[in-house]
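The values are calculated or read from the model by the stated rules, or taken from the named source; none is laboratory data. Quantities reported herein were computed from a predicted structural model and do not represent experimental measurements. FYI the Cβ positions are ideal-geometry reconstructions off the backbone, even for glycines, and counts take in every protein chain you see.
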Amino acid sequence: MKILFLDQSGKPGGAELCLIDIAKPYGDRALVGLFADGAFKVLLQQHQIPVEVLATQPIQVKKQSNLFQALASLKQLAPLLFKVIKIAKKYDLIYANTQKALVIGAVASFLTRRPLVYHLHDILSSEHFSQTNLRVAVTLANFFASLVIVNSLASQKAFVQAGGKSELTAIVYNGFESKNYQIPDAEIKQIRQDLGLEDKLVVGHFSRLAPWKGQHILIEALAQCPPQVTAILVGDALFGEQDYVQKLHQQVAELRLENRVKFLGFRSDIPQLMSACNLVTHTSTAPEPFGRVIVEAMLCGTPVIAAKAGGAMELVEHGVNGFLTTPGEPQELAKVINSCFQEIEITATIADHARNIASQRFDVAIINQQIAQLLDSRFTNK
Ligand code: UDP
Ligand code: GLC
């Protein structure tokens, strides 16, 4: 089966990193069409995945756009649409990985009579999207998609609640290559040394810098932890959240935590950095659709504390393979961080258990098989 994958982003967010793993097994039988140039294209090339940037200018519709703004962008979409239609004729299936890809993919699917798969990586609720964007996504998925792959039960529930047809959906979690997360002790020691963290208790946060990812919650919690507890914030403002970045720096200064918070920016050595942490925290203030960083921390054998909402609740069972805290509650987070550092043995047992379960449950080979079976069973003879 030849697949045309479509993704609107030039930047490597979680949905894009997930797409790398999905497209890879298809080799030359796949093409990833992007609506923006950037680091994601380079990553795809490094993985030998055929990629083409299809849009010549960025698409202006935002997650909170109203109907008027959405309609105004249609004119701008025409050249992109023509390109996609031309390419889609050479493929058996269109696989839309993001919402704008769904819009273009739906029209192209209709006009070329190629089936459409929508991989939904988002919780379609008003906490994340404008009413217009919600309605557009659900309506297009209902009318044009033959299959909606959802990244968690939480994303599925929100889709159905927003009016999506449940019979279209299939839950497929993100897959991971567990051996990429096994880092030798010497390498871990070196990283801690390079970052000047040898004698610290290091709490890591690995997300793009965005208000709903809640880095401010960790900073506030840190102020309630003993002085040897230090945080590293790994990630950048991928989608223009510069105000938030400024606020975070201001918060650190106001709390006099300059020596205990390190902003490392976007990094490609996530397994190494996560392994160098004593604890990883996930602090999203709105429900996380899936939460790749939670699974990645587990695969590194680093204990993880996640915000109790959305997909994170499908990944973490409190006290069994990690810890859950109420979203947006820094005091509670501080309490759990402190107890993890006090009860070292229990915490280590939980992290070990998490690593074992995660390496089986999210094995990329099994996840890819699930996707292949879904596609084969619905779109046979291709
Ligand atoms: N990530 C990365 N470099 C960074 C920060 C994050 O490669 O500096 C990766 C991280 O390891 C994870 C992904 O970005 O695989 C983020 O995915 P997640 O599902 O946690 O959140 P999203 O940003 O997609 O909402
Ligand atoms: C999205 C979601 C994130 C999820 C990722 C991969 O970017 O925000 O929670 O882990 O997609 O499915």
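If only one of 294, 371, 357 is of a type in the set (Val, Ile, Thr), touching a helix residue (DSSP H, G or I) at 6+ places or on another chain (Cβ under 7 Å) and either farther than 24 Å from residue 221 by Cβ or at pLDDT below 95 (or both), which one is it?
Values: 294 fails: either farther than 24 Å from residue 221 by Cβ or at pLDDT below 95 (or both); 357 fails: touching a helix residue (DSSP H, G or I) at 6+ places or on another chain (Cβ under 7 Å).
Every option except 371 fails the conditions.
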Task: Residues (within 10 Å of ligand 1 (Cβ to nearest atom) and over 17 Å from residue 156 (Cα atoms)) located in the range 293-331 - done: 293, 294, 295, 296, 297
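Table: residues versus (1) in contact (Cβ under 8 Å) with a residue 12 or more places away in the chain; (2) of a type in the set (Gly, Ala, Ser).
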{"position": "131", "(1), (2)": "no, no"}
{"position": "143", "(1), (2)": "yes, no"}
{"position": "154", "(1), (2)": "yes, yes"}
{"position": "164", "(1), (2)": "yes, yes"}
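Quick check on residue 324: is it within 18 Å of residue 121 (Cα to Cα) and modelled with pLDDT of 95 or more? Show your work before the answer.
Working: within 18 Å of residue 121 (Cα to Cα): no; modelled with pLDDT of 95 or more: yes.
The answer is no for residue 324.
Considering the range 155-175 alone, what residues qualify as being within 16 Å of ligand 1 (Cβ to nearest atom) and part of a helix (DSSP H, G or I)?
Step one: of the range 155-175, the residues within 16 Å of ligand 1 (Cβ to nearest atom) are 155, 158, 171-175.
Hits for the range 155-175 are 155, 158.
Please note which strands (runs of 3 or more DSSP E) are completely contained in the range 196-278 and include at least 2 residues that are without any contact (Cβ under 8 Å) to a residue 40 or more places away in the chain and either more than 15 Å from ligand 1 (Cβ to nearest atom) or surrounded by 21 or more Cβ atoms within 10 Å (Cβ to Cβ) (or both).
Values: elements: 201-206, 229-234, 261-265.
The strands (runs of 3 or more DSSP E) meeting that bar are 229-234.
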Open item on the list: Filter the range 99-115 down to the residues that are over 17 Å from residue 135 (Cβ atoms) and not small (Gly, Ala, Ser) and list them by number.
Closed with: 104, 110, 111, 112, 113, 114, 115
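One line per residue, one yes/no per condition, for (1) within 22 Å of the chain's Cα centre (by Cα); (2) more than 21 Å from residue 23 (Cβ to Cβ):
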{"residue": "112", "(1), (2)": "no, no"}
{"residue": "149", "(1), (2)": "yes, no"}
{"residue": "153", "(1), (2)": "yes, yes"}
{"residue": "180", "(1), (2)": "yes, no"}
Open item on the list: I'd like to know if the range 126-136 contains one or more residues that are closer than 24 Å to residue 23 by Cα and not in a helix (DSSP H, G or I).
Closed with: no
Task: Verdict on residue 152 being farther than 26 Å from residue 108 by Cα and crowded, with 24+ Cβ neighbours inside 10 Å - done: yes
- [ ] From (1) at pLDDT 95 or above; (2) more than 19 Å from residue 288 (Cα to Cα); (3) more than 16 Å from ligand 1 (Cβ to nearest atom); (4) out of contact with any strand residue (DSSP E or B) (no Cβ under 8 Å at 6 or more places or on another chain), pick out the condition that doesn't hold for residue 132.
- [x] (1)
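What number of residues within the range 2-19 satisfy the criterion of being part of a loop (DSSP other than H, G, I, E, B) and among the charged types (D, E, K, R)? Give the derivation first.
Within the range 2-19, the first condition is being part of a loop (DSSP other than H, G, I, E, B), and the residues that meet it are 2, 8-13.
After this cut, where a residue has to be among the charged types (D, E, K, R) as well, the list is 2, 11.
Residues in the range 2-19 being part of a loop (DSSP other than H, G, I, E, B) and among the charged types (D, E, K, R): 2 in total.
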- [ ] Test residue 303 against the stated conditions and say whether it is within 18 Å of residue 325 (Cα to Cα), within 22 Å of the chain's Cα centre (by Cα) and away from ligand 2 (no atom under 16 Å from the Cβ).
- [x] yes
Open item on the list: Can you report the number of residues in the range 1-38 which are under 20 Å from residue 372 (Cα atoms), crowded, with 22+ Cβ neighbours inside 10 Å and aromatic (Phe, Trp, Tyr)?
Closed with: 1
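So which helices (runs of 4 or more DSSP H) are wholly in the range 284-382 and hold at least 2 residues that are in contact with a Lys or Arg (Cβ under 7 Å, 6 or more places away or on another chain)? Talk me through it step by step, then tell me what you get.
Values: elements: 292-300, 312-315, 330-342, 344-361, 364-378.
It comes to 292-300.
Is it the case, given these coordinates, that residue 94 is touching a residue at least 40 places away in the same chain (Cβ under 8 Å), more than 16 Å from ligand 1 (Cβ to nearest atom), outside any helix (DSSP H, G or I) and crowded, with 19+ Cβ neighbours inside 10 Å? Spell out how you get there, then give the answer.
Details: touching a residue at least 40 places away in the same chain (Cβ under 8 Å): yes; more than 16 Å from ligand 1 (Cβ to nearest atom): yes; outside any helix (DSSP H, G or I): yes; crowded, with 19+ Cβ neighbours inside 10 Å: yes.
For residue 94, the condition - touching a residue at least 40 places away in the same chain (Cβ under 8 Å), more than 16 Å from ligand 1 (Cβ to nearest atom), outside any helix (DSSP H, G or I) and crowded, with 19+ Cβ neighbours inside 10 Å - is met.
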